[in-house]
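Right, one structure below, let's go through it.
The values are calculated or read from the model by the stated rules, or taken from the named source; none is laboratory data. Note that this is a predicted model, so its numbers are computed, not measured. Heads up, the Cβs are rebuilt from the backbone with ideal geometry, glycines too, and the neighbour counts pull from every protein chain shown. The protein model used for the area step is the full one, side chains on, heavy atoms only, and it has no ligands, DNA or RNA in it. Shrake-Rupley method; radii C 1.70, N 1.55, O 1.52, S 1.80 Å.
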Amino acid sequence: MEGEIERMRLNIHFPVLLLMLVLLCTSAYAIEDGGKEKTREITALEVLDNAVAVTVDGPISYTVHRPGDPFRVFVDLEGVSLGRFREKIFSDRAGITEVAPTQVQSPTVLARLNILLQSPSTVVPEVKGNQLVLHVQNEQRGAAVPDGPRAAQGAVPAVEGAPAGAAEEEGDSDDEDDDSAERITAVLLNKTARGMEIIIRGDGTLPDPSVFEAEKRLIIDIPGVTMAASLPTVPAPPVRDIRYREQESGLRITIELTGALNKEIVTIDDELRVSLYAKGAEGEKHEAASGAPRTGFFKMGEEGKGGARLISLDFQDADIIPILRLLSDVSGYNIVVHPDVKGRITMKLLNVPWDQALDLILRTFNLEKVVEGNVIRIATVKSFQEERKTLAETREVFGKAEEIVTRILVVNYANVEKVRDSLEKAKILSPRGSLGTDTRTRSLILKDIPSVLEEVQRIVADLDKPTPQVLIEARIVEVNTNFSRSLGVEWGAGISSSNRLTTASGSITGSSVTGGSPSNTTMINLPATTSGSAVPTSAITIGYLNAAQTLGLDLRLSAIEAIGKAKLLSTPKIMTLENEQALIRHGKKIPVTTPGTTQGTFTTVYIDANLKLVVTPQVAPDGTVLLKLEVHKDEPDFNRTDTLGNPAIDTRAASTQVLVKDSETVVIGGILKGSETSDDSKVPGIADIPLLGALFKKQTKEATSEELLIFITPRIVK
């Protein structure tokens, strides 16, 4: 009996002891896991076709986030370290563009995978033991997913190692995404392997911020929120200071930095993460941990000469949509891509402006862009053509439906006929419109739809402006100089039986000698002459007679020297409107006689010999004047005539175009003409005897010079 009782006690106590042992083991594991004595680590990270496989050395607890960006998915692995997978992985597989791992230390340890998709897709997680496979299912194609445990997008499946209630919490995240944040509840600093991460957390989904970069300063504007958190009191480098200011539109957070850094800003549900790291820490050449070669590379450089940011791109068979989004982040422009835009590209560009890289991609795929403010629209050429065609048809339909309105516009300064011609050539009026003019009142009579009339009124206001007037002053300066000198000698002799001796110089009686003009009986006739005067202006006559007064000798020395200077100044002035030709003329009409058709008859015509200035000015916006000039100065020269006595006409002219500043003087032309002549006449042989030879020769020298300068001065008259 006692043995039976003892066996019954053992049968009751053994299950109890076994249950206690199981509870103790479970508690020990929970203490080890809850105390974070051991952090799980990623042992494998591989990019497959339309999938990403992550292997952890322990149970997997994960969360999938879908931000407002349809091309991105964030996966958080709780209590997991990245291990050796800390570099960005660029993919050449279908569906995936890149995977960027990030280690988060606070408030909890987790490994975050930032996955950039090639197109808006649905991500379906699948857990296989210690491996998490994220299947990318294109929303349009509906790609198949392998059979096995599945979880809805954004949900956490109940698997081994997942905390209790995780599925319910993640399943409710869709409802929380609809709740916009009203307050900032925490601002945290997190030291990372690359540098520093600033985490700004709200009480709901944070909106996309506006980010402004200045020298050593980062300004973040978060709309619609207020500050309800305390800022870090002792910032750590590279963060020097953090401060905020509440505005009507929201909250402005200013982050002071110690130097120039690379920055990555990502909004994930209720968190705004700002990653700061030194330049050169990202974008260097590397290979993924799986051993696959790098297929995509991006690096941002300094600003180029034109102010555009220089970038380097190296992609192999990559989808163009993520590249266009990348250029949007670099340029600061918002980019809208048409659904028809698609394709894959292989490119390698080093240190080129972002806009040049964008144009190269657009030309490669026969795409067009339209810039509207800070938004760039990208679509196919066909799409833009259809859009323009539809817009033109819509305008035509609405134009036919609008009421015709009559309006009269008065033209104050311009020529009303020229304004009408300009409007007609511009083809601004609609097919239903008409245009007329009234020259008496200088008015335009318009009939058209109101939208066209408003445009015509703006154009007429731009055309109907006062025309500037220009005063043109010309100075024509002439300087003439001439010099002439001549020395000559005349010898004469005669014999007479009477008391009187007749010589070439006149009569010689006794000892008296009378000087006179040389006669044709002179033995040596070399009188002083010049082109300006044929008669000597001065002479010395010497006579000689022997004792018997039967032999006479007559010597006459003559000389001429003339110096002449003349300076003529002509200053024509004229005022005219811009782009209007002006003419001023002053001078004489010279009669010129020519033989007629019948012998003994003559015909007289009159030739202009005057000063003439023709000018057309054009005023530039900067105050300079473009002048089209023609200057003529004609004068008769009565010193040179033909056989009928008609004078020669001296002509001076200049034709040119010059650009002159207001009230400045410019020399548009100059002529310098000079001549010098020397003439010697002598008696051969005797004239070569030193000293004595001077009495048997004549020397003549002449020099002339003419100088002409033309000065122009324009003055704009307001």
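Screening ASP49 with (1) farther than 17 Å from SER121 by Cα; (2) open to solvent by 60 Å² or more (accessible area, probe 1.4 Å); (3) modelled with pLDDT of 80 or more gives one miss only, at (1).
Within region 690-705, if we keep just the residues that are at pLDDT 80 or above and of a type outside the set (Lys, Arg), the residue that is most open to solvent (accessible area, probe 1.4 Å) turns out to be PRO690. Here LEU626 clears all of (1) open to solvent by 20 Å² or more (accessible area, probe 1.4 Å); (2) more than 30 Å from ILE716 (Cα to Cα) except the condition numbered (2). Here LYS633 clears all of (1) at pLDDT 80 or above; (2) in a strand (DSSP E or B); (3) of a type outside the set (Phe, Trp, Tyr); (4) open to solvent by 70 Å² or more (accessible area, probe 1.4 Å) except the condition numbered (4). Summed over region 92-127, residues that are at pLDDT 85 or above and farther than 26 Å from THR192 by Cβ total 3. Could you tell me whether any residue of region 655-673 is hydrophobic (A, V, I, L, M, F, W, C), surrounded by fewer than 12 Cβ atoms within 10 Å (Cβ to Cβ) and within 30 Å of PHE602 (Cβ to Cβ)? No, that holds for no residue. Here is a check on your reading of the model: is ARG640 loosely packed, with under 12 Cβ neighbours inside 10 Å and in a strand (DSSP E or B)? Answer is yes for this residue. Criterion applied to PRO232, PRO237, PRO207 was being surrounded by fewer than 17 Cβ atoms within 10 Å (Cβ to Cβ) and either touching a strand residue (DSSP E or B) at 6+ places or on another chain (Cβ under 7 Å) or of a type in the set (Asp, Glu) (or both), and the one residue passing it is PRO232.
Just one of (1) within 43 Å of the chain's Cα centre (by Cα); (2) open to solvent by 30 Å² or more (accessible area, probe 1.4 Å); (3) modelled with pLDDT of 85 or more fails for ILE222. It is (2).
With the condition kept exactly as written, say whether any residue in region 314-337 is modelled with pLDDT of 85 or more, among the charged types (D, E, K, R) and surrounded by 15 or more Cβ atoms within 10 Å (Cβ to Cβ). Yes, because at least one residue in region 314-337 is modelled with pLDDT of 85 or more, among the charged types (D, E, K, R) and surrounded by 15 or more Cβ atoms within 10 Å (Cβ to Cβ).
Summed over region 441-474, the residues that are open to solvent by less than 20 Å² (accessible area, probe 1.4 Å) and farther than 30 Å from THR571 by Cα give a count of 9.
Where strands (runs of 3 or more DSSP E) fall entirely within region 360-440, those with at least 1 residues that are open to solvent by 50 Å² or more (accessible area, probe 1.4 Å) and touching a Ser or Thr at 6+ places or on another chain (Cβ under 6 Å) are at 405-410.
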